[in-house]
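The next block holds one structure in the form of structure tokens; read it before the comments.
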Amino acid sequence: GAVVSQHPSWVICKSGTSVKIECRSLDFQATTMFWYRQFPKQSLMLMATSNEGSKATYEQGVEKDKFLINHASLTLSTLTVTSAHPEDSSFYICSAFPRGAGRGGQGDTQYFGPGTRLTVL
Amino acid sequence: GNSVTQMEGPVTLSEEAFLTINCTYTATGYPSLFWYVQYPGEGLQLLLKATKADDKGSNKGFEATYRKETTSFHLEKGSVQVSDSAVYFCALNNQAGTALIFGKGTTLSVSS
């Protein structure tokens, strides 16, 4: 089956530093990846849509200069949290659509990474 | 706008009990509906899905039927196990290839 990995699985950093999180599709190509954020005991909220070779599309209220997204290849998207602060502490999850998905109608499955736990001290 | 509402948890059951987790949605058009499960310390896994009205998704003993007339997609299992303890998310997307809209999640705890 399709596998999506994230690295690191957890990270602790000091306030003011930047953290990069990688999302990789291991056995398929993904032109579209999504980044979600999950606060404790809450649902996943979409942060941005990452498209290979173009700029990411951010959801309302998400600072694009703070959460930098780069989708440099068909198997890798990165999320960089710049100048992290304690309120950025959260669980960040990516998902990916296999290349070509979406043309056959609704219901194409996206595959989720295991998530990255970010703690900012 | 599109939204998903699912019952508040936690849901606490004994092993072999019947499970229902309610999920209703608001969406334009004909969304696809999903149930995802998140086991402790792990990422989300697709449990089942349905892409059109009256479709029934099923997997690992879990079932959910896409009811357009009641805009619902309730998750059921006839006999839960301790290993089913997890957080369950109902979700939809309104267009293929787009991000999912999730409900708040329902925590299920099953005791032996």
(message) Looking only at the range B:86-96, count every residue that is open to solvent by 20 Å² or more (accessible area, probe 1.4 Å) and more than 15 Å from B:Tyr30 (Cβ to Cβ) and tell me the total.
(response) 1
(message) Which pairs turn up if I take residues in the range B:83-111 that are more than 10 Å from every other protein chain (Cβ to nearest Cβ) and look for partners that are among the charged types (D, E, K, R) and crowded, with 17+ Cβ neighbours inside 10 Å with beta carbon separation below 8 Å, at least 6 apart in sequence or on another chain?
(response) B:Asp84/B:Lys77; B:Leu108/B:Asp84; B:Val110/B:Asp84
(request) May I ask you to verify whether A:Phe91 is of a type in the set (Phe, Trp, Tyr), surrounded by fewer than 21 Cβ atoms within 10 Å (Cβ to Cβ), within 14 Å of another protein chain (Cβ to nearest Cβ) and not in a loop (DSSP other than H, G, I, E, B)? (result) yes
(request) Test B:Glu76 against the stated conditions and say whether it is away from chain A (no Cβ under 14 Å) and open to solvent by 10 Å² or more (accessible area, probe 1.4 Å). (result) yes
(message) Would you confirm, using the coordinates I've provided, whether B:Gly61 is at positive phi, in contact (Cβ under 8 Å) with a residue 12 or more places away in the chain and open to solvent by less than 80 Å² (accessible area, probe 1.4 Å)?
(response) yes
(message) Condition first: more than 10 Å from chain B (Cβ to nearest Cβ), under 30 Å from B:Ala96 (Cβ atoms) and part of a loop (DSSP other than H, G, I, E, B). Now tell me which residues in the range A:3-50 satisfy that.
(response) A:Val3, A:Leu26, A:Asp27, A:Phe28, A:Gln29, A:Ala30, A:Phe39
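The values are calculated or read from the model by the stated rules, or taken from the named source; none is laboratory data. Bear in mind that the values here come from a model prediction, so they are computed numbers and not experimental data. Positions of Cβ are generated from backbone atoms using ideal geometry, with glycine treated the same way; all protein chains shown enter the neighbour counts. Accessible surface areas use protein heavy atoms only, side chains included; no ligands, DNA or RNA. Shrake-Rupley method; radii C 1.70, N 1.55, O 1.52, S 1.80 Å.
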